[in-house]
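The values are calculated or read from the model by the stated rules, or taken from the named source; none is laboratory data. Since we're looking at a predicted model, the values are computed, not measured. With ideal geometry, Cβ positions are generated from the backbone for all residues, glycine too; neighbour counts draw on all protein chains shown. Just so you know, the surface numbers come from the protein's heavy atoms only, side chains and all, with ligands and any DNA or RNA stripped out. Shrake-Rupley method; radii C 1.70, N 1.55, O 1.52, S 1.80 Å.
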Amino acid sequence: MELLRKWLGHPEEIYNILRFKMGGYRAVMPRIDPDSLGCGLRTCYRYLNQTSRSFAAVIQALDGELRHAVCIFYLVLRAMDTIEDDMSIPLDVKVPMLQEFHSYLYQPEWKYMESKEKDRQVLEDFPTISMEFRNLSKVYQDVISDICHKMGFGMAEFLEKKVDSQREWDMYCHYVAGLVGIGLSRLFSASELEDSIVGQDTELANSMGLFLQKTNIIRDYLEDQMEGREFWPREVWSRYAQKLSDLAKPENIEMAVQCLNELITNALHHVPDVLTYLSRLKNQSVFNFCAIPQVMAIATLAACYNNKQVFRGVVKIRKGQAVTLMMDATNIQAVKAIMYQYVEEIYQKIPSTDPSSNKTQQVIASIRAMSLPGSSMASRHHYSPIYLSCAMLLAALSWQYLSTLSKATEEYVQAGEN
């Protein structure tokens, strides 16, 4: 019955899930025909689906040759991530591997067979991935190789040290996500689907990556603690606890939430850059690819803000909410309206006693100024009484069916997955 109450509380999401499943997904993420691909590319897309079904969906929706370039870029980065995450690889082996990884793209026989990670197939069959990399146009190869070079050294730098200052937090997020945003932006421009300024403005592209990465780090506090990982900056959390793990203790929950709110406020500073970046995009497939993770991120931060559950379990946005965001975020005015909606949700939850309340209000004011909702989106969450009645009746009659159906969209719920 809990699921039924959840659906009844958000009847518009029932409509959007049904619309998505009945063909609406084709508008935002059309599927690629595997029979149109050569053997090597077909294998690469299979690995893409195995390692991240959510990214596979949005990558396959990209236009033209950009689709293949981004697919290979993702798999190469996934291979690097697999090395970084594999705790069975000694540091004296891992560090030079990461630093030299860009050179493996040009070594047809290079592969690594010793990984214990779940995505090890991208290392074991790296010759197939590197072959398809070398089949890309040189302009794409140069971008991917350059980003791998920079990312490898950045990953190696943070293997042996924890994130201390907020500046180091920004630098870590730059290495693991900002560089991805920069690389993707350069690929967009290289494809000529977007103007050259998109690839040249690395500050905005970096912010796109930082917003997603910081959201993931904030949301995943408890999971990272359980895995022995620490990504929250000491400069912030040390003002609220002796050890980062202390924030999960019930007696420290008030201080933990204040720390959480300060980090969310930090992440919100990237939203103006995100809106500026998205406003420059011309190609619909590129816009969808970039906008969907960003609106998922703002919805996730709104769910996490001032929420004790971050320190007790998993905070996720609703599946129907995720589908609604995917269906709506197809133009800049719609994205601005979504951003406005969720920062307003955060604003309504700001405690007057929170140490960061003034800073949170200030950054929200700057986002409001950029994302005042226009009349085109005024009806986004307003439906006729007849529709609402029908939707609630449908929920009452078919909630069990929707429970199963919604599993198909679960991989889209977490912003910036993997």
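Rundown of residues vs (1) open to solvent by 40 Å² or more (accessible area, probe 1.4 Å); (2) of a type in the set (D, E, K, R); (3) more than 18 Å from the chain's Cα centre (by Cα), yes/no style:
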{"residue": "Lys243", "(1), (2), (3)": "yes, yes, yes"}
{"residue": "Leu268", "(1), (2), (3)": "no, no, no"}
{"residue": "Val274", "(1), (2), (3)": "no, no, no"}
{"residue": "Asn283", "(1), (2), (3)": "no, no, yes"}
{"residue": "Ala291", "(1), (2), (3)": "no, no, no"}
{"residue": "Ile298", "(1), (2), (3)": "no, no, no"}
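Check the stretch 91-98 and report whether any residue there is open to solvent by less than 50 Å² (accessible area, probe 1.4 Å), on the phi < 0 side of the Ramachandran plot and acidic (Asp, Glu).
Start the filter on the stretch 91-98 by keeping residues that are open to solvent by less than 50 Å² (accessible area, probe 1.4 Å), which leaves 94-98.
Then drop every residue that is not on the phi < 0 side of the Ramachandran plot, which leaves 94-98.
Going one step further and asking which of them are acidic (Asp, Glu), we end up with none.
Checked against the condition, which is being open to solvent by less than 50 Å² (accessible area, probe 1.4 Å), on the phi < 0 side of the Ramachandran plot and acidic (Asp, Glu), the stretch 91-98 yields no hits at all.
Just give me the residues in the stretch 61-76 being surrounded by fewer than 21 Cβ atoms within 10 Å (Cβ to Cβ) and either hydrophobic (A, V, I, L, M, F, W, C) or in a helix (DSSP H, G or I) (or both), in sequence order. Result: Gly64, Glu65, Arg67.
Restricting attention to the stretch 213-234, which residues are farther than 18 Å from Glu160 by Cα and either in contact with a Cys (Cβ under 9 Å, 6 or more places away or on another chain) or at pLDDT 95 or above (or both)?
Step one: of the stretch 213-234, the residues farther than 18 Å from Glu160 by Cα are 213-223, 226.
If the condition is that a residue be farther than 18 Å from Glu160 by Cα and either in contact with a Cys (Cβ under 9 Å, 6 or more places away or on another chain) or at pLDDT 95 or above (or both), then Gln213, Lys214, Thr215, Asn216, Ile217, Ile218, Arg219, Asp220, Tyr221, Leu222 are the ones that fit.
All but one of (1) assigned to a helix (DSSP H, G or I); (2) modelled with pLDDT of 95 or more hold for Pro108; state the number of the condition that does not hold. Looking at each condition in turn, Pro108 falls short on (1).
Which one of Met113, Met87, Met131 is open to solvent by 30 Å² or more (accessible area, probe 1.4 Å) and touching a residue at least 24 places away in the same chain (Cβ under 8 Å)?
Details: Met113 fails: touching a residue at least 24 places away in the same chain (Cβ under 8 Å); Met87 fails: touching a residue at least 24 places away in the same chain (Cβ under 8 Å).
None of the others qualify; the one that does is Met131.
The condition of being open to solvent by 10 Å² or more (accessible area, probe 1.4 Å) and among the polar types (S, T, N, Q) holds for only one of Ser165, Ser185, that being Ser165. The residues of the stretch 210-240 that are open to solvent by 10 Å² or more (accessible area, probe 1.4 Å) and either in a helix (DSSP H, G or I) or in contact with a strand residue (DSSP E or B) (Cβ under 9 Å, 6 or more places away or on another chain) (or both), listed by number, are Leu212, Gln213, Asn216, Arg219, Leu222, Glu223, Asp224, Gln225, Met226, Arg234, Glu235, Trp237. Taking the criterion of being more than 21 Å from Asn216 (Cα to Cα), surrounded by fewer than 17 Cβ atoms within 10 Å (Cβ to Cβ) and either in contact with a Gly (Cβ under 6 Å, 6 or more places away or on another chain) or free of Cβ contacts under 8 Å to residues at least 40 places away in the same chain (or both), would at least one residue in the stretch 197-205 satisfy it? Yes, the conditions are met somewhere in the stretch 197-205.
Answer yes or no as to whether Tyr140 is at pLDDT 95 or above, of a type outside the set (Asp, Glu) and assigned to a loop (DSSP other than H, G, I, E, B). Please lay out each step first, then the result.
Values: at pLDDT 95 or above: yes; of a type outside the set (Asp, Glu): yes; assigned to a loop (DSSP other than H, G, I, E, B): no.
Against the criterion (at pLDDT 95 or above, of a type outside the set (Asp, Glu) and assigned to a loop (DSSP other than H, G, I, E, B)), Tyr140 does not qualify.
Filtering Ser245, Ser207 for residues that are within 28 Å of Ile147 (Cα to Cα) and at pLDDT 95 or above leaves a single hit, Ser207.
Which residues, taken from the stretch 339-364, are more than 11 Å from Asn306 (Cβ to Cβ), open to solvent by less than 50 Å² (accessible area, probe 1.4 Å) and either modelled with pLDDT under 95 or not acidic (Asp, Glu) (or both)? Selection gives Met339, Tyr342, Val343, Val363, Ile364. Scanning the stretch 301-338 for residues that are free of Cβ contacts under 8 Å to residues at least 60 places away in the same chain, under 25 Å from Leu278 (Cα atoms) and open to solvent by 60 Å² or more (accessible area, probe 1.4 Å) returns Asn331, Gln333.
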